[in-house]
Amino acid sequence: MSEDRQTPARLDDTDRKILSLLQEDATLSLDDIAARVGASKTPVWNRIRKLREAGVIRGQVALLDPDSLGLDACFFVLIRTSEHDPEWALKFLSAVRARPEVIEAHRLAGDIDYILKVRVRNARAYDRFYQALISEVKIHNVTALLSMEELKATTALPLD
C-alpha cells in the first residue's frame, strides 16, 4: 500500500520562493513569478520544469469550495479492523479509492488502523457511504466524528 519514499529534493531559496508562490496561486504568470523571485523568465521556467520532473510539483488543480457545492458535512471516520492480511488491505484500498466522498485516507499507528476524511451533503449521505463501505469490506469497528467547524485547511506545505 505504501510507496517507496524518495530522497527529499534539494531546494535553494529561489526554489522555495517559486514553490511558495505556486502553492499560493498556481495561475500566476511566469512573468509574475520571475519578478517576485528576482530572476528572469527562462531560469524560472527551467526551475519549475525541473521541480515537475523531480516530482516536487505533482500537478496543478482548482480548489473547490465544498460548501458552495452543498457538501456541508465533513466526517472523520476512524476504522479498526481485525483483518491485516494483504488481500483484505487491497480490497479496503480499492473500496476507499473508488469512493469520491473520501478525500483523504491514512493508515495509522496506534489503536486506530485507518482514518478517512469524508465530505458529503449530510448525515443521510454519510450513512449511504457507510453502508456501501461495510457491504464491500469487513470492518471490525467504525467511529464517525462530525466536524463542527473547520479551523484551518490548507494545501500549502511548509518549505522551511
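Data for the structure
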| quantity | calculated |
| --- | --- |
| In region 1-12, the residues that are touching a helix residue (DSSP H, G or I) at 6+ places or on another chain (Cβ under 9 Å) and either in a helix (DSSP H, G or I) or open to solvent by 80 Å² or more (accessible area, probe 1.4 Å) (or both) | Met1 |
| Any hit, region 128-149, residues being hydroxyl-bearing (Ser, Thr, Tyr), closer than 30 Å to Asp13 by Cα and not in a helix (DSSP H, G or I) | no |
| When residues of region 52-63 are limited to those that are surrounded by fewer than 12 Cβ atoms within 10 Å (Cβ to Cβ) and among the charged types (D, E, K, R), the one nearest to Ala125 (Cα to Cα) | Arg58 |
| Every residue from region 34-61 that is in a helix (DSSP H, G or I) and touching a Leu at 6+ places or on another chain (Cβ under 8 Å) | Arg36, Val37, Lys41, Val44, Trp45, Ile48, Leu51 |
| Which numbered condition Gly38 misses (of (1) under 24 Å from Thr154 (Cα atoms); (2) at pLDDT 95 or above; (3) of a type outside the set (Asp, Glu)) | (1) |
| Test: residue in region 77-85 that is touching a helix residue (DSSP H, G or I) at 6+ places or on another chain (Cβ under 9 Å), of a type in the set (A, V, I, L, M, F, W, C) and part of a loop (DSSP other than H, G, I, E, B) | no |
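The rows are residues; the columns are (1) open to solvent by less than 60 Å² (accessible area, probe 1.4 Å); (2) over 30 Å from Tyr130 (Cα atoms).
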| site | (1), (2) |
| --- | --- |
| Gln23 | no, yes |
| Ser29 | yes, yes |
| Asn46 | yes, yes |
| Lys50 | no, yes |
| Asp65 | no, no |
| Leu93 | yes, no |
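The values are calculated or read from the model by the stated rules, or taken from the named source; none is laboratory data. These numbers were taken from a predicted model, which means no experiment stands behind them. Cβ atoms come from the backbone with ideal geometry, glycine included; neighbour counts cover every protein chain shown. What goes into the accessible areas is simple: the full protein's heavy atoms, side chains included, and nothing from ligands, DNA or RNA. Shrake-Rupley method; radii C 1.70, N 1.55, O 1.52, S 1.80 Å.
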